[in-house]
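J.: One structure, pasted below without further comment.
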Amino acid sequence: MAQKSVELQLGDLEGIGPATVSKLKEVGIESVLQLAVAMSDEIMNEVGSREKAYELISKARKTLQENDIIEREFVRAEEALEWRKSVLRCTTGSEALDALFAGGIETQAITELYGEFGSGKTQIAHTLCAICHLPPEEGGLGGGAIYLDTEGTFRPERLQQIADARGYDKKQVLQNTMVSKVYNSSHLELIIQSLGKYIEQNNIKLIVVDSIMSLHRAEFTGRGTLAERQQRLNSLLHRLIRTADIYNVAIIATNQVMSQPDTFFGDPTKPVGGNIVGHACTYRVYLRKSGSNRKAIMVDSPYHPYSEAIFTVSEKGVVDAEEKEKKSKAP
Ligand code: GTP
Ligand code: MG
């Protein structure tokens, strides 16, 4: 997929002249893939009007469809099934958790992990960063990771420890993981806008946003700002969906929970961000502490059955609960 796409140049698009190409480059869009991920607002000033912006973006998408880089607008289900074969799955380090995901974390999708503090969201993200460089035959995605750290909890030492404990080349794992400390919501939006370039240059296959809501939630506090916050989150999430699709990458978004005191039945916690986050994410997984273990529950998925899995965290990152037990019982 990616090889063919690199050869597609902006100038090769029909009806796009050198002037438009240089205008697009001014806003950081340097390839057909990057143009296809763009939103009309970002380029409308440069290209003259919103209509022109739409036209350019749809031209880019159409070219990608013609080159079999993304799915066509209308396909028969049979063809859609064939297309699903291009989805890669990254193992999580725990067989139980992989079973919950029907094989691992998927590319072309956003997987939301939500749960209270200490439920293992950041640990799952670190483990995936260590594993994703493995070739697909060995459970990886055959590429690197980008970690967008909004909470200051990324630890290279932890990544190194996980890679070491799993017997991977830790130097390679550290080299394959690009980290960006994100300071505010506009910074996050800007980084997500320019992801395409980094993905293309560094063969990225996994993107972690840890966490997706914290900055927007902290900055847009008053009631009057809620609509703007949701609108900005919406466009950020849509960009992520397009990025996942067009570049065949897996996206992990972690999310916090809030307590709903008015719940009478069931669990009183729910993810923050409301419907916007819920609808944009392909899979939603709820993580809970269960003694020293962790429980993952597939809450929302277009095709996974409702299921639960128990895992735990060790020096290898995420592992099966039994694996840790076995080890501690060993003489
Ligand atoms: P918040 O970001 O605070 O919402 O929590 P989170 O869901 O991201 O939690 P995180 O993934 O950071 O999980 C923290 C838990 O992982 C700790 O309570 C430990 O049980 C475990 N943990 C973290 N680091 C290590 C480690 O180096 N070794 C082991 N064995 N366990 C660890
Ligand atoms: Mg965390």
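The values are calculated or read from the model by the stated rules, or taken from the named source; none is laboratory data. Keep in mind that what you see is a predicted model, and the values were worked out from it rather than measured. Positions of Cβ are backbone-derived with ideal geometry, glycine not excepted, and every protein chain shown enters the neighbour counts.
J.: Scan the range 43-102 for residues that are among the β-branched types (Val, Ile, Thr), closer than 24 Å to LEU134 by Cα and at pLDDT 90 or above and jot them down.
T.: VAL87, THR91, THR92
J.: Any idea which of (1) in contact with a helix residue (DSSP H, G or I) (Cβ under 9 Å, 6 or more places away or on another chain); (2) farther than 20 Å from GLU116 by Cβ; (3) modelled with pLDDT under 95 is the one ALA218 doesn't satisfy?
T.: In the conditions (1) in contact with a helix residue (DSSP H, G or I) (Cβ under 9 Å, 6 or more places away or on another chain); (2) farther than 20 Å from GLU116 by Cβ; (3) modelled with pLDDT under 95, ALA218 misses (2) alone.
J.: To continue, here is another question. Report every pair of residues separated by at least 6 positions or lying on different chains whose Cβ atoms are under 6 Å apart, first residue within the range 291-309 and at pLDDT below 90, second among the aliphatic types (A, V, I, L, M).
T.: Within 6 Å, the pairs are HIS304/ALA102; HIS304/MET298; SER307/LEU100; SER307/MET298.
J.: Okay, moving on. For the range 247-258, give me each residue that is more than 16 Å from ligand 1 (Cβ to nearest atom) and surrounded by fewer than 24 Cβ atoms within 10 Å (Cβ to Cβ).
T.: Listed by number, the list holds a single entry, ASN248.
J.: Does ARG217 qualify as being basic (Lys, Arg), surrounded by fewer than 20 Cβ atoms within 10 Å (Cβ to Cβ) and within 16 Å of ligand 2 (Cβ to nearest atom)?
T.: So ARG217 fits the description; yes.
J.: Same structure, new question: Of everything in the range 101-110 that's surrounded by fewer than 23 Cβ atoms within 10 Å (Cβ to Cβ) and among the aliphatic types (A, V, I, L, M), which residue is nearest to ligand 2 (Cβ to nearest atom)?
T.: Looking at residues that are surrounded by fewer than 23 Cβ atoms within 10 Å (Cβ to Cβ) and among the aliphatic types (A, V, I, L, M), I get ALA109.
J.: Failed condition for LEU113, given (1) within 30 Å of ALA165 (Cβ to Cβ); (2) more than 16 Å from ligand 2 (Cβ to nearest atom), with all others met?
T.: Looking at each condition in turn, LEU113 falls short on (2).
J.: Further, regarding this structure: Pick from the range 315-331 the residues that are of a type outside the set (D, E, K, R) and in contact with a strand residue (DSSP E or B) (Cβ under 9 Å, 6 or more places away or on another chain): which of them is modelled with the lowest pLDDT?
T.: Ranking the candidates gives ALA321 first.
J.: So ILE29 fits all but one of (1) closer than 20 Å to ILE191 by Cβ; (2) among the aliphatic types (A, V, I, L, M); (3) at pLDDT below 85; what number is the exception?
T.: (3)
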